[in-house]
Structure formats: structure tokens, C-alpha cells
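Down below is the structure, laid out as C-alpha cells.
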Amino acid sequence: MNLVFLPKDLSEKLLHYEFSEIDSAELEEILDELKQIDDKLVISDVNFGKGADWILLLAVLSSITYVITIGDKLEKGIDGWIKIGKRLSNIFKNSDRVYLDEEGAKIIAITHMSKKYELKSISLIDSHTTYLVDFSSWFSQRKPECFTSKPFNIYIFTFNVNEERTLILNIKSNVEVIEILDIENEMLQLPF
């Protein structure tokens, strides 16, 4: 899982100092939360500015490579994903900017659904990603498939929850969640 973030009020300092040289309670809290999720965490800085520098931090959590794929049904481990989602929420509170990859967005989706329903099972029915910008054409050292080339995205997931409800969630990489549909499966009227 990849997460790009800007700790609160550190934009100027990141322009002039390595992040390891910066004394910030918010940065320390973010790093502690990330280490609780993945103790093999790798942090680096990344420049998103074109013409002017805009430095953010990239966290690579190599232990999270897979949450759920289309056709899969999650019954075990849901509580673990919710716990990770709550840790991620703590990171958001201490950041001016946050951008998640698709796996991170799935964790946010699970956490969102858990606030509304007691989750016994989740199936991912459909998934779509819209890439809003591709920085690989701006920065030649970035490969098009790299998350730092395409950090601004919209993820749309369709879930079957507890084999009772269909939820369609729009999750922006900046962690904004929009419910598109939340309906009981019995209410889905098929025309055939």
C-alpha cells in the first residue's frame, strides 16, 4: 500500500530539510501509526511540483499488497482491516494532505461500511479507478504505473455486504467517501 501525505504545517520545512531532521509532534504521531501497521515501513520524500517544489512524503507499507479483489469474499480478518482503517484515520487528522492508493481506499471503504453495519462478510462485485492526472509525462524519472505518477484518483467499488445489501462507494484518493448506492438486495429489481 502507498500513502502520500503532508504532515500538518510542514510544507515549508520539507522544502529546506530532510524529514528526518524535522521536529514535529504530528510527524512523529503519523510515523508511529504507520509503524503499528507495518514495521518495515519505508518513507521517502517526493516532489509533486512542476516549476515550483511541492514536497510530500511517500509511505510504502509493503505488508499490505492485497485487501480484496473482484469476486473475493471476506469473512475473516474484517476486524483487522477496520483496525488499520482507524489507524489511517489518525494519520489523516495529523496531515494537511493525504492520498491513498487503491488498497488503501479499500480499507477506507471497509471502515466506512463498518460504521453503518455489523460486517460478517464482504464481497467485492466491481471496481473501477479513474486517474485524474498522470505525472509521468511531467517527471521523466517516474514510471506510468507508479503511484507517485498517478496519486490523484477516484476509486469506485461495488460491495455485497453480509449477502443482504449492495453498496457502491466512490472514494477519492484524498479519502473523501461518497455513497452512490446503499440498497437491500431484495429491492434490486431486475428487468428480466
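The values are calculated or read from the model by the stated rules, or taken from the named source; none is laboratory data. All values reported here derive from a predicted model rather than from experimental measurement. Don't worry about glycine lacking a Cβ; one is built from the backbone with ideal geometry, like all the others, and counts go over all protein chains shown. SASA here: full protein model, heavy atoms, side chains in, ligands and nucleic acids out. Shrake-Rupley method; radii C 1.70, N 1.55, O 1.52, S 1.80 Å.
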Alpha-carbon gyration tensor eigenvalues x 5, square-rooted, for the chain, Å: 33, 19, 13
What's the longest bit of the chain with no exposed GluC sites (Glu not before Pro), using DSSP loop states and at most 12 other Cβ atoms within 10 Å as the test? 19-74
Candidates T111, T166, T65; GNM for the chain (alpha-carbon contacts under 10 Å) flags as most fluctuating T65
Can you give me the angle between helix 78-93 and the longest principal axis of the chain, using Cα atoms only, in degrees from 0 to 90, rounded to the nearest 10? 40 degrees
Semi-axes a, b, c in Å (a largest) for the stretch 45-145, each sqrt of 5 times a Cα gyration tensor eigenvalue, come to 30, 17, 11
Using a probe of 1.4 angstrom, how much of the accessible area of the chain is carbon and sulfur, in percent? 49 percent
Over what distance in Å are the Cα centres of the stretch 28-72 and the stretch 166-180 separated? 20 Å
J(HN,Hα) series, the stretch 55-66, from Karplus relation 6.51 cos²θ - 1.76 cosθ + 1.60, nearest Hz, glycine and proline x: 8, 10, 9, 10, 9, 10, 9, 6, 6, 10, 10, 7
Probe 1.4 Å, heavy atoms of protein chains only: per residue, the accessible area of the chain in Å² is 54 Å²
